[in-house]
Amino acid sequence: MNNPLDHAELNAALHTVHRAGMPGVFAEVRDGEEVWRGAAGVADLATGRPVTADMRHRVGSITKTFTAAAVLQQVENGLVGLDTPIGRYLPRLVPGELGDAITVRMLINHTSGLADYLPYAYPSLKAFPSLADTTPESLDDNRLTRFHPTELIGMGVAARPAHRPGGTPGTYSNTNYLCQLLEKVTGLAAEQCITENVIERAGLTDTELPLGPEVDGPHAQHYEAWFGMIDPPRDFSVFDMSWVGPAASLISTVADLNRFCRLLLAGEIVTPLSLAQMQRTVPVASFEGKLVDYGLGLHRNQVPDRGTFWGHDGSAWGAGAISMTSADGTRQMSIAVNLQRWNRLDASGKPQPHPLDGAIAALHRVALGVGSAEDRRGHL
């Protein structure tokens, strides 16, 4: 089904998200050669400064697609084997039987079984990802804390594993993506390797893996609500992102995200054979407990009436983003928002519905062209 871009409908959907409680939302949607960019709301609640579609933004775990692509490039170079045990590359970080059992593929498709290190890096998030007993103090306490990736990997390796190596469904874990592997085989820090071989290769002029805590250039404040426990939400746009590094620290724009995904699916970042490896999926349980079809740094999404889309979503403290591209590369959407964890919790710790949930889902339908325009308007 061909659903060309309806600019008025896209603008209406964007403003509905803002009215539902999102401080600021901005997006780029593409259909073939046609491009729409839009923004609604504010970048700064204190000043009323508006968001714009060209703002730079933390995009969280969309970083993993870039990191996976960098690993596949080293597979192409003969420096990495996807089914080689990680212990052959990093015997001190992943030692003994565990290093022999976990392959590179298991790391980047989240079937390694390694636990996420986050609750050990931020002790007051001890119940993460269970939410009922968490508190937000560590976010303020660690704004400028500098972690070394080997320190974080050690926390994940030492923790009780989620399941046996190679087991499915896999378990989503940032430990898998800290990627000392790239440094080992290239001699470059992972961030430098990804920058030179992926970001610069794709010509992404507004994308970077930051070395400091600031977001350089025009950007929105990043408001974290932590499930109503930070009220009013606080800005965490200044934050040392070494706690996620090559797993989730990327800063980008919606235009750069679409360009990257378009080139990736066209076989211009990795070879078509490597892309086919990235698109071999397994079921993986997300932090929220939902099963997703996960490849090597890519989600597969079956969209009604539109077919297969590939992409990733991501979250940082106060910032969220999603980027999806149709399998043929013709339809794309990248959307960014500057409030996270807006759902309050009930007595059992379960997130409660919020008007933003439906408004954002409706924006996604409009952006992807799902159903008829009349049907979509019924959801706005």
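Observations on the structure shown:
- Excluding same-chain neighbours fewer than eight residues apart, the aspartates and glutamates reachable from Lys350 by a Cα-Cα span under 12 Å are Asp133, Glu288.
- Projected over all directions and averaged, the alpha-carbon convex hull of the chain occupies 17.2 nm².
- Karplus-derived 3J(HN,Hα), 6.51/-1.76/1.60, for each residue of the stretch 291-304, Hz, glycine and proline x: 8, 10, 7, 10, x, 9, x, 9, 8, 9, 10, 8, 9, x
- Remark: C-alpha extents of the stretch 272-380 on the principal axes read 48, 34, 22 Å, sorted largest to smallest.
- Whole-Hz Karplus values for the stretch 209-214 come out as 9, x, 9, x, x, 8 Hz, taken residue by residue from phi with 6.51 cos²θ - 1.76 cosθ + 1.60 and θ = phi - 60°; glycine and proline positions read x.
- Karplus-derived 3J(HN,Hα) values for the stretch 16-32, using 6.51 cos²θ - 1.76 cosθ + 1.60 with θ = phi - 60°, are 5, 4, 4, 5, 6, x, 7, x, x, 9, 8, 7, 10, 10, 10, 9, x Hz; glycine and proline are entered as x.
- Dimensions (Å) - the stretch 135-188, Cα atoms, principal axes, largest first: 36, 34, 17
- The packing ranking, built from the mean of other Cβ atoms within 10 Å per residue, places the peptides 348-354, 318-324, 118-124 in the order 318-324, 118-124, 348-354, highest first.
- The peptide list 220-228, 86-94, 250-258, 158-166, put in order of mean Cβ contacts within 10 Å with the highest first, becomes 250-258, 220-228, 86-94, 158-166.
- Where N is the number of residues in the stretch 32-137, Cα Rg divided by 2.2 N^0.38 Å: 1.57
- Summed side-chain charge close to Glu288 - residues other than Glu288 whose Cβ falls under 15 Å, Lys, Arg +1, Asp, Glu -1: 0
Just so you know, all these numbers are worked out from the coordinates, no wet-lab data involved. None of the values given here were measured: they were computed from a predicted structure. Cβ coordinates were reconstructed from backbone atoms using ideal geometry, including for glycine residues, and neighbour counts include every protein chain displayed.
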